[in-house]
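Working notes, structure below.
The values are calculated or read from the model by the stated rules, or taken from the named source; none is laboratory data. Just so it is clear, the model here is predicted, and its values are computed rather than measured. Here the Cβ is made from the backbone with ideal geometry for all residues, glycine too, and neighbour counts use every protein chain on show.
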Amino acid sequence: MTVRTERRPDGVALVTLDRPERHNAIDLATAEQLAAVWRDVRHDDSVRAVVLTGAGDEAFCTGIDRSVHVPQPGSPYSIDDPLRTIGPKAADLWKPVIAAVGGMACGGAFYLLGEAEFVIASENASFFDPHTTYGMVSAVS
């Protein structure tokens, strides 16, 4: 599992992206797990709020795992965005989400950050968007 979920007795679910060796980059399995976590939390009455974070000290999330999903001509990733449904609001989660950001947050991480009610950044947090490096537009439709 690349997404850990801990339900605490105080009504908070701690959701952790757990791929520190890849800077918590999201592959398709992680994207599916995130979508499943949001649906599960949505229907769990014992959860009143969610804290989302990344494992390790270097990164909250660096978006799509480009070592696995490099868009090539004719690739479905050059047409469809595999991260489009990873955010809590994309799964109709109405409970508050707090993103606790440490280290890098870039690219596809903004799908998560943009759908959080609050973003709390540590002193070592950095936010940037590398899309233009790859000749891509950073836009959400």
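Data table
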read-out: Residue in the range 73-90 that is aromatic (F, W, Y) and modelled with pLDDT under 90 present; value: yes
read-out: Residues that are assigned to a helix (DSSP H, G or I) and within 17 Å of V97 (Cα to Cα), drawn from the range 7-22; value: none
read-out: Looking only at the range 23-57, and only at residues there that are in a loop (DSSP other than H, G, I, E, B) and more than 15 Å from the chain's Cα centre (by Cα), the one that is farthest from A13 (Cα to Cα); value: D57
read-out: Residues (in a loop (DSSP other than H, G, I, E, B), modelled with pLDDT of 95 or more and under 21 Å from L34 (Cβ atoms)) located in the range 115-141; value: E115, A116, E117, A125
